[in-house]
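Reading through the structure tokens given below for one structure.
The values are calculated or read from the model by the stated rules, or taken from the named source; none is laboratory data. From a predicted model like this one, the values you see are computed outputs, not experimental measurements. Cβ sites come from the backbone with ideal geometry, for glycine too, and all protein chains shown count toward neighbours.
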Ligand SMILES: [Zn+2]
């Protein structure tokens with residue numbers, strides 16, 4: 001619980017499924033105020049919900065927030081303040097300027113992987129290690145990377161640097177990515193790609209397989225020592241080791257924080273992936289699972305409010 005008149009910011013995490021809003025102190029202690037399904041029908045409802053939270057906090061704490069930070073699951077245009085949601089039934093939503101005008105406070109918008117690495121740097125493993133060169137990589141429906149290099153968030157020309165799910169990986173299999181191109185990392189190692197890759201793996205290895213509808217079923221079968229699922233995940237681990245090695249080469253980090261339900265629920269699998277990295281590359285940085293339980297993007301969203309120099 002925040003103390004009255006203690007400095008705080010409003011953190012917003014807009015996912016394809018859930019909308020989360022929290023008030024967060026300068027020391028990144030948070031109180032979750034909203035957890036609900038992301039509005040699907042009326043996109044303006046997102047802005048109205050955020051404004052209601054801001055008004056409620058102002059009234060209760062007798063202090064305006066220092067700013068509003070938004071993490072959005074998908075491509076963004078941070079300068080124009082627009083989010084282009086890939087998993088919601090509208091093409092774009094203008095967030096920053098309408099909110100800034102009506103709330104009368106600074107508003108920042110970042111893609112969730114960019115926000116995630118800031119969350120890890122200021123509230124997670126990066127804070128413990130005190131490193132200025134680190135990555136956050138999430139294995140979720142897709143695969144994305146957020147990077148801090150020499151103390152600064154890497155944004156790129158359009159604010160979307162780090163879409164590493166779309167790098168080519170080395171494998172004899174030819175799976176189609178969610179973007180339509182064959183051979184991308186995400187086509188083999190994401191929640192989207194794993195069930196599709198499993199079908200091709202069984203076909204090419206002349207192995208009959210039971211239908212799987214999601215990645216969790218494959219992991220459950222491997223845990224039950226199903227030899228096909230185990231052989232398949234060994235192949236996936238090789239591809240992930242290749243992908244991680246490419247990311248290490250690109251950014252030269254001293255720390256990588258791994259997140260996403262696939263890895264969070266199966267830490268043993270990350271160990272297998274890491275054991276395969278050595279043949280590709282001699283330097284392997286510290287690679288750890290996130291300890292923030294999926295809250296890194298939410299907490300990172302308000303870093304531009306409290307630490308503006310980190311995103312310049
Ligand atoms: Zn792709």
Note to self: Anything in segment 136-155 that is within 11 Å of the chain's Cα centre (by Cα) and under 15 Å from residue 311 (Cα atoms)? List them, or say none.
What the structure shows: 146
Note to self: Taking the condition of being crowded, with 18+ Cβ neighbours inside 10 Å, assigned to a loop (DSSP other than H, G, I, E, B) and more than 15 Å from the ligand (Cβ to nearest atom), how many residues in segment 174-211 meet it?
What the structure shows: 0
Checklist line | Flag if residue 107 is in the same structural domain as residue 72 (by TED's automatic domain parsing) and either at positive phi or away from the ligand (no atom under 16 Å from the Cβ) (or both) | finding: yes
Notebook entry, point to check: Exactly one of (1) away from the ligand (no atom under 16 Å from the Cβ); (2) within 19 Å of residue 273 (Cβ to Cβ); (3) not in a helix (DSSP H, G or I) is unmet by residue 156. Its number?
Noted result: (2)
Next item on the list: Counting only residues that are without any contact (Cβ under 8 Å) to a residue 24 or more places away in the chain, surrounded by fewer than 19 Cβ atoms within 10 Å (Cβ to Cβ) and touching a strand residue (DSSP E or B) at 6+ places or on another chain (Cβ under 6 Å), give me the strands (runs of 3 or more DSSP E) lying completely in segment 1-119 with at least 2 of them.
Entry: 30-37
Checklist line | Test: residue 262 is in contact with a helix residue (DSSP H, G or I) (Cβ under 7 Å, 6 or more places away or on another chain), assigned to a helix (DSSP H, G or I) and under 22 Å from residue 120 (Cα atoms) | finding: yes
Checklist line | segment 142-153, subset in contact with a helix residue (DSSP H, G or I) (Cβ under 8 Å, 6 or more places away or on another chain) and assigned to a loop (DSSP other than H, G, I, E, B), residue surrounded by the most Cβ atoms within 10 Å (Cβ to Cβ) | finding: 142
Item checked: Of all residues in segment 159-170 being within 14 Å of the ligand (Cβ to nearest atom) and over 13 Å from the mean Cα position of the chain (by Cα), the one that is nearest to residue 277 (Cα to Cα) -> 169
